[in-house]
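Below: the structure, in structure tokens.
The values are calculated or read from the model by the stated rules, or taken from the named source; none is laboratory data. Quick caveat: nothing in here was measured; it's all calculated off a predicted structure. Using ideal geometry, Cβ is built from the backbone for each residue, glycine included, and neighbour counts are taken over all protein chains shown. These area figures cover heavy atoms from the full protein model, side chains too; ligands, DNA and RNA do not enter into them. Shrake-Rupley method; radii C 1.70, N 1.55, O 1.52, S 1.80 Å.
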Amino acid sequence: PRLCYPAAMTTPAGTGRAVWALSAVLAASGACSLYREAPARPNLVLICIDAVRHDTFRLPESAGLEDSFTPWMQRAIRFENAYTVSSWTLPTVASVLTGLMPGQHGAGLFEQPAADLNVMPPSGLAASIPALPGMLEGHGYQTIHLTRHRWTADAAFGLATRFSRVETSRTPLESSLEWIERCRRPCFVSAHLLDVHEYGRPLEEVRRTVAEMAPDLEAAARRSLPEPLRSAASEDSALWYLEYVRRVAEVRGKLASFLDGLERLGTLEQSVIVVYSDHGEEFGEHGQGGHGKSLFQETLRVPLLAWVPGQAGRSVDIPASLIDLLPSALHWLGLPPAEAVTGVNLAQRIEAGDFEALQRRPVFATGIAYGNDAAAVVRGRWKLIYDRVSGQSQIYDLEADPGELRPLAAPPSELEGDLLAAIESLDRLPVRGLPARVQPDPKLLERLESLGYLSGASR
């Protein structure tokens with residue numbers, strides 16, 4: 001039998017042997033009317049799969065295929081219209097952990113209006129801003145971050161310092177299982193997966209791995225090729241996309257294995273699990289490749305799924321932002337709401353069925369790593385991208401032009417005014433902390449260069 005504690009007690013620390021003996025007797029006899037079990041909070045597992053587009057992650061379902069992750073997808077709360085807050089990692093993960101927009105928390109910003117992550121170090125997260133790990137540690141959680149990504153692993157950028165423990169792991173999901181199994185109190189495990197981010201391999205190796213793809217998945221991937229990659233002359237470039245799809249499919253399999261492992265351990269029903277991507281990826285749709293260079297849909301729409309004890313899987317199509325993760329996670333854990341966050345408690349809205357007010361909610365993205373500072377807002381079917389340096393804006397009808405290829409030549413003045421007013425409301429959000437200046441040392445520059453960043457910073 002599990003021990004019961006007097007109702008006024010929250011921990012057995014300091015109790016004498018007599019109280020413990022009495023508690024054991026009462027528990028064994030079932031006489032616990034004046035006693036209760038020690039409170040147990042659910043674990044929180046936050047999994048970031050770096051650089052994954054929403055459409056690619058959902059490709060098996062869209063193509064009518066099934067893999068080992070498909071049954072888990074059906075058991076999840078699926079946010080079908082989820083947006084990141086930036087098109088690269090550092091400002092996004094800082095927003096996930098603080099519930100604030102990048103302009104509020106100050107991480108991932110640049111001192112010049114035209115950013116160039118090849119030569120300029122971005123700002124870090126100021127130590128004064130409350131973040132999710134500290135909030136949970138205040139409620140008895142152990143916090144662990146498992147990552148190889150330098151933006152989230154190096155203390156210079158202010159994210160790793162928020163966790164009680166940070167470990168470098170090439171298999172973060174397996175390490176997460178090990179931590180959850182040996183935690184003796186509620187734990188918050190944050191895992192950052194670089195499997196997809198590292199898809200840029202030598203072409204000969206890509207040809208070999210693509211040849212090993214399941215034929216039905218390769219066929220579905222070729223049908224979903226971005227428009228610039230559809231010509232015969234673009235076959236080599238198309239192979240990069242097929243390799244990207246293959247890696248996303250592998251990550252889906254790893255997620256399924258992780259969730260299977262939690263179920264075998266018997267901890268699935270004691271854990272809230274959230275899977276998201278920090279940003280998507282562009283494959284030439286707007287004349288560029290990679291991420292951090294634009295605020296188009298291929299870099300902003302991301303997968304977002306949650307498995308919550310006692311809640312059935314469902315599809316939710318309300319506009320969601322990654323700044324909503326913090327208030328929603330606290331709700332799912334049964335903890336008090338955080339103060340002074342910008343994100344919306346989507347968990348509470350879902351349980352109450354309160355969707356109508358959120359349907360026209362504007363969702364925002366800011367933060368360019370290469371190019372002019374810019375901001376984007378999506379409200380309903382309309383999207384505006386605003387260049388803060390030139391003052392120019394483009395408006396798209398996402399229903400008629402989902403690929404954002406034809407900006408409205410003469411948008412109605414009322415529509416343009418409404419979307420620009422939304423950008424102004426974004427700029428009026430209260431700043432919670434000043435950007436923390438980062439001076440990368442040579443070893444940090446070398447680690448970042450290995451991931452394709454700050455390659456010219458030493459100059």
Picked from region 92-101 (must be of a type in the set (A, V, I, L, M, F, W, C) and assigned to a loop (DSSP other than H, G, I, E, B)), the residue surrounded by the fewest Cβ atoms within 10 Å (Cβ to Cβ) is M101
Restricting the search to region 180-208, which residues are open to solvent by less than 20 Å² (accessible area, probe 1.4 Å), in contact with a Leu (Cβ under 9 Å, 6 or more places away or on another chain) and either modelled with pLDDT of 95 or more or among the β-branched types (V, I, T) (or both)?
I180, C187, F188, V189, S190, A191, H192, L193, V206
Going by what's in this entry, would D441 be described as open to solvent by less than 60 Å² (accessible area, probe 1.4 Å), charged (D, E, K, R) and over 24 Å from A357 (Cα atoms)?
no
Yes or no: L46 at pLDDT 95 or above, closer than 30 Å to M213 by Cβ and assigned to a loop (DSSP other than H, G, I, E, B)?
no
Restricting attention to region 112-123, report how many residues are farther than 15 Å from Y453 by Cα and in contact (Cβ under 8 Å) with a residue 12 or more places away in the chain.
2
I'd like to check something: does region 311-326 contain any residue that is modelled with pLDDT of 95 or more, crowded, with 23+ Cβ neighbours inside 10 Å and β-branched (V, I, T)?
yes
Taking the condition open to solvent by 20 Å² or more (accessible area, probe 1.4 Å), aliphatic (A, V, I, L, M) and within 21 Å of the chain's Cα centre (by Cα), does A256 pass?
no
Here the residues within region 395-413 that are in a loop (DSSP other than H, G, I, E, B) and in contact with a Pro (Cβ under 9 Å, 6 or more places away or on another chain) are D401, G403
Suppose the filter is at pLDDT 95 or above, surrounded by fewer than 18 Cβ atoms within 10 Å (Cβ to Cβ) and of a type in the set (G, A, S); does A233 pass it?
no
Is there a residue in region 11-29 that is surrounded by 12 or more Cβ atoms within 10 Å (Cβ to Cβ), outside any helix (DSSP H, G or I) and modelled with pLDDT under 90?
yes
Tell me, which residue of region 47-91 that is free of Cβ contacts under 8 Å to residues at least 24 places away in the same chain and of a type in the set (D, E, K, R) is surrounded by the fewest Cβ atoms within 10 Å (Cβ to Cβ)?
E66
With the structure loaded, tell me whether E111 is of a type in the set (D, E), closer than 22 Å to L426 by Cβ, open to solvent by 10 Å² or more (accessible area, probe 1.4 Å) and assigned to a loop (DSSP other than H, G, I, E, B) or whether it fails that test.
yes
Lone unmet requirement of (1) within 25 Å of L451 (Cβ to Cβ); (2) crowded, with 17+ Cβ neighbours inside 10 Å for P130
(1)
Any hit, region 285-293, residues being within 19 Å of the chain's Cα centre (by Cα), surrounded by fewer than 23 Cβ atoms within 10 Å (Cβ to Cβ) and at pLDDT 95 or above
no
Which condition breaks for A221 when tested against (1) within 29 Å of S95 (Cα to Cα); (2) surrounded by 20 or more Cβ atoms within 10 Å (Cβ to Cβ)?
(1)
Need a quick list: strands (runs of 3 or more DSSP E) entirely within region 130-241 having at least 2 residues that are in contact with a Pro (Cβ under 6 Å, 6 or more places away or on another chain) and without any contact (Cβ under 8 Å) to a residue 60 or more places away in the chain.
142-146
Out of (1) within 30 Å of D317 (Cα to Cα); (2) part of a strand (DSSP E or B); (3) open to solvent by less than 60 Å² (accessible area, probe 1.4 Å), what's the single condition that is false for G371?
(1)
Which ones in region 421-437 are closer than 15 Å to L109 by Cα, surrounded by 16 or more Cβ atoms within 10 Å (Cβ to Cβ) and more than 23 Å from the chain's Cα centre (by Cα)?
none
If we ask which residues in region 182-208 are touching a helix residue (DSSP H, G or I) at 6+ places or on another chain (Cβ under 7 Å), under 29 Å from L262 (Cβ atoms) and of a type outside the set (D, E), their number turns out to be 8
Go through (1) open to solvent by less than 50 Å² (accessible area, probe 1.4 Å); (2) part of a helix (DSSP H, G or I); (3) modelled with pLDDT under 95 one by one and return the number of the condition A357 breaks.
(1)
Residues of region 414-438 that turn out to be out of contact with any helix residue (DSSP H, G or I) (no Cβ under 8 Å at 6 or more places or on another chain), assigned to a loop (DSSP other than H, G, I, E, B) and not charged (D, E, K, R), as a count
2
Return the only residue of S413, S393, S455 being surrounded by 15 or more Cβ atoms within 10 Å (Cβ to Cβ) and over 26 Å from the mean Cα position of the chain (by Cα).
S393
